[in-house]
Structures are given as C-alpha cells and as structure tokens.
C-alpha cells in the first residue's frame, strides 16, 4: 500500500477526534485487532517508567462498553495532536511520534491544560486502509488529579 504522510496524519487526528467525542466504535475502527494501548510516565523518584494503563483491543472494547456505568469527570477533553516524526519500519509498517496537549474544559467553559504527552503510534499498511496496531502514550504530566474515565 502506498501511503502519503497526510493519510497517516489524518489517521492520528481522526483517532483523537473520535476519543474527544467519546465515539469509541469509531476509535476502534481505526485499530487493528492486534491493537495495544499503553500509558506510561517516567518517574524520577524510582528512575523508571510507571505503566498506568495497558490494554489490548479486546480489553479496550470491554472497557468502552462499561464507560456509561462509570463515574465520569465533568466537562470534556480536547486532544491537540501536533505531528512530529514519521519513520518507515518496513514495507508494511510505519511509526509516528506525535506531541499531544490535552485540554480539559469544565461545564462552565473554563479550559486548562490537563496533560502533555507523546504518542508513539505503530501503523499497519498491509490492508486496504492504514490501521493502528499500537499506541504508546508517554506522559510528561504525572499529576492528573482524578484522571480520566477514558484513554488519553
């Protein structure tokens, strides 16, 4: 499959917009069945990464099915991806590193920075459309308060 950088950027942006709208079925439509999602943050105190979230496709699907039964933070999250580096791993795989700022807007319309992170996305190019096979979120922000009921 021949892919241009704009198609890959669009995939990353669409996946962010789907999570912003909490359209989980759309988000999963951008993912391959082998998809892995991990959130980690480096801890200078213990001098190693802390894994905060680690799910495969099936685990995410089950979690998304239960979101309506969980307590939800009030307001909305807005992911602002800024495309960085695109590397070809093989004929059928690419990696993209994207800087992401996540803004939290409360019900009164006040917005503040919630988190700063980098996505490292692995994209499979072997099918008819590019699909995410992994998203590893490396958080710079380590204090998320009550956190989020959905992946960042």
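The values are calculated or read from the model by the stated rules, or taken from the named source; none is laboratory data. The shown structure was predicted, so the numbers you read here are calculated from the model rather than taken from an experiment. Glycine also receives a Cβ, built like all others from the backbone with ideal geometry; neighbour counts cover every protein chain displayed.
Quick rundown of the values:
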{"quantity": "Checking residue 128 against (1) exposed (fewer than 12 other Cβ atoms within 10 Å of the Cβ); (2) without any contact (Cβ under 8 Å) to a residue 60 or more places away in the chain, the condition it does not meet", "calculated": "(2)"}
{"quantity": "Set 120, 141, 98: member being closer than 27 Å to residue 44 by Cα and in contact with a helix residue (DSSP H, G or I) (Cβ under 7 Å, 6 or more places away or on another chain)", "calculated": "98"}
{"quantity": "Wholly enclosed strands (runs of 3 or more DSSP E) of region 1-107 bearing at least 2 residues over 13 Å from the mean Cα position of the chain (by Cα) and loosely packed, with under 13 Cβ neighbours inside 10 Å", "calculated": "31-43, 48-56, 76-90"}
{"quantity": "Extreme residue, farthest from residue 134 (Cα to Cα), among residues of region 63-84 that are in contact with a strand residue (DSSP E or B) (Cβ under 6 Å, 6 or more places away or on another chain) and modelled with pLDDT under 90", "calculated": "75"}
{"quantity": "Residues of region 126-146 classified as more than 13 Å from the chain's Cα centre (by Cα) and either over 20 Å from residue 18 (Cβ atoms) or not in a loop (DSSP other than H, G, I, E, B) (or both), total", "calculated": "9"}
{"quantity": "Single unsatisfied condition, residue 26 versus (1) within 16 Å of residue 118 (Cβ to Cβ); (2) touching a helix residue (DSSP H, G or I) at 6+ places or on another chain (Cβ under 7 Å)", "calculated": "(1)"}
{"quantity": "Test: residue in region 70-86 that is out of contact with any helix residue (DSSP H, G or I) (no Cβ under 9 Å at 6 or more places or on another chain) and without any contact (Cβ under 8 Å) to a residue 12 or more places away in the chain", "calculated": "no"}
